[in-house]
Each structure stands twice: as C-alpha cells, then as structure tokens.
Amino acid sequence: MTRRLSGIVFPLVDRYIGIHMGVDLSTLRPGRVMVSESARRLRREQSYGFIHALWWVWLEDGRSAASAPPGAGEGVAEILDAAHSAEQVLDPGIADRLKPPVNNALHKAGLQEVDRVLSDVCFACNAALLRRHGHGDCQRLLDGGIPPAEGLRLTSHCFPDGIVYGVLTDGRVASYAFAHRSGVMEDSVVDIGVETAPAYRRRGYAKTAVSAAVEHITRTGGEARYGCRPDNLASIATARSVGFVPYGTSLVLAAPSPEEIR
C-alpha cells in the first residue's frame, strides 16, 4: 500500500471515502488524478440535503481521484489532467471550468445544475494518535433530553443510535461532537462534526467532545475523519489538538436534490 508522507496510513478512512466516491483509493498512485463516473453523483448522500455532483480529493501522499456523474468523466478528466497539487483543488478557476461538463450530465438526468462550491481540508486520526481532553463534564448523549445552550442546535438525526458526546455546563449542552450518519462503515469510521454555543467557546469544550467521539470508535480499532473549511483556523486547531493529522483536500460541486427543492 502507498504510504502517506507522514508515514501513517488510514485504510478504513480510505475505504470510507472510496465507497462514497465509487473509487478504490488503494489502487491509486501519486502524481495524477484518476477520474471515474458514478451514479452516486446523481443522488444525495445520507444526512445531506444536496447532491455531491462532483467530488474531487487530493490526499497527503499525492494520490488523487475525482468522481463525476455518468457522462461527465471525459470532460472532467481533460480539465484535471493538468492538476499536480492539492492547492489546485482549492482554485476557484478550476471549479468554474468543471461546472459545464457536470451541469450537462445533471441536465441529462433531469436534475438542476450546480449551485454551490464546497471545499475543505480533511484530517484523520486513529487510536495511536488520539489525545484525550478533559475540559468540563463530557457525556454521551442518547437523546435530546438535555437542552442545548443558547445559540446551539442539537443534531437530532444522530439520536438515539448515533455517536454524540456533549460537554454539559449550567444544565445545558455547551458543546457537542457527533458522527454524521453516513450509512457507510458507521461501525468503523466516524466523520466528525462539532458545534459549540457562542458563550462557551475558547474553553476547550470542543476538544473534549471531539476526543470523546474519536475515542468511542478508535477503542475498537476504528478511525476518524474530520473536515472543515480551509480558512477555519479554530476548527483546524481543534482537530490537531486531538491528534488528527492532515489527510487531504477536497472539492465538491453541489447541486440541489429533488427533496431539497421541495
């Protein structure tokens, strides 16, 4: 298996991302972008209100893959053939050039065209890397019985069987971390989200909640993924403080799903 620049591999996260994209990441070699077509690009992923019409990832070790809707692969490949670095994943110019072939495929499928461009930097963690934090009273939340602090909304779709850990203060949930219900490898990979009420930020609560959610999955051999916007320095700092290391950079061209339009 190709090793990452850090010397750390994340086979479970690789498989998790690969399933979503319809690509076997373990077969890739650094240096070029592999483009494949997948029918998943024409329907929304679980827990998301939109369609991931194009999904491009560039991993830390130089492996890269793009998943396009049926009929768009050749046009996408022509554009990405000249891509040679992760920085290009975040280039607005490339995103604009990718829209026409993707939109054409969406139109043929009776769907609306791309209406937003989403990019993030991704991190991964395993049991060996995890650093636990102990700020505040952190508990697993099985329902919405404990009210959230002002300005915070609990992710109810994760109850009652999802992985949700919250830090409680003043009788309310001040911060919580949760695993997106992706429908893919939920017993071995968590895709972490975290929210903190405005009045309780900068107290270490997010670090504590995230580390608890990661510990939940890694104690049985699982791995965790954490993604955020490239300019969200506070979120990146939270990930690194818990032990996450860079995994890759991704771009999604998103389109409205029929459910979202209704």
Residues G31, G75, G110, G93: which one is surrounded by 15 or more Cβ atoms within 10 Å (Cβ to Cβ) and of a type outside the set (D, E)? G75
Test V23 against the stated conditions and say whether it is closer than 30 Å to H107 by Cβ, crowded, with 18+ Cβ neighbours inside 10 Å and at pLDDT 95 or above. no
Among the residues listed as L106, L111, the single one being modelled with pLDDT of 95 or more, among the aliphatic types (A, V, I, L, M) and part of a loop (DSSP other than H, G, I, E, B): L111
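Every residue, every condition in (1) more than 26 Å from L42 (Cα to Cα); (2) among the aromatic types (F, W, Y); (3) out of contact with any strand residue (DSSP E or B) (no Cβ under 7 Å at 6 or more places or on another chain), yes or no:
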site: A86; (1), (2), (3): no, no, no
site: K99; (1), (2), (3): no, no, no
site: C122; (1), (2), (3): no, no, no
site: Q139; (1), (2), (3): yes, no, no
site: L142; (1), (2), (3): yes, no, yes
State all residues of the range 223-257 that are assigned to a strand (DSSP E or B) and among the aromatic types (F, W, Y); if no residue qualifies, say none. Y226, Y247
Residue in the range 67-79 that is among the polar types (S, T, N, Q) and at pLDDT 95 or above present: yes
Taking the range 186-204 as the region of interest, how many residues are within 19 Å of F123 (Cβ to Cβ) and over 14 Å from the mean Cα position of the chain (by Cα)? 4
I'd like the residue in the range 190-214 that is farther than 16 Å from A239 by Cα and in contact with a Gly (Cβ under 6 Å, 6 or more places away or on another chain) and, out of all such residues, is surrounded by the most Cβ atoms within 10 Å (Cβ to Cβ). A197
Being closer than 14 Å to H52 by Cβ and either touching a Cys at 6+ places or on another chain (Cβ under 6 Å) or in contact (Cβ under 8 Å) with a residue 40 or more places away in the chain (or both) is true for just one of R116, R131, R153, R140. Which residue is that? R116
One residue is enough: does the range 34-42 have a residue meeting the conditions at pLDDT 95 or above, more than 21 Å from the chain's Cα centre (by Cα) and not in a loop (DSSP other than H, G, I, E, B)? no
Taking L118 as the residue in question, decide whether it is at pLDDT below 95, of a type in the set (A, V, I, L, M) and not in a helix (DSSP H, G or I). no
Of these, S175, S241, S211, which one is touching a Phe, Trp or Tyr at 6+ places or on another chain (Cβ under 7 Å), farther than 23 Å from Q46 by Cβ and among the hydroxyl-bearing types (S, T, Y)? S175
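The values are calculated or read from the model by the stated rules, or taken from the named source; none is laboratory data. If you're wondering where the values come from, they're calculated on a predicted model, not measured in any experiment. Neighbour counts are summed over all protein chains in view; Cβ atoms, including those assigned to glycine, are modelled from backbone coordinates with ideal geometry.
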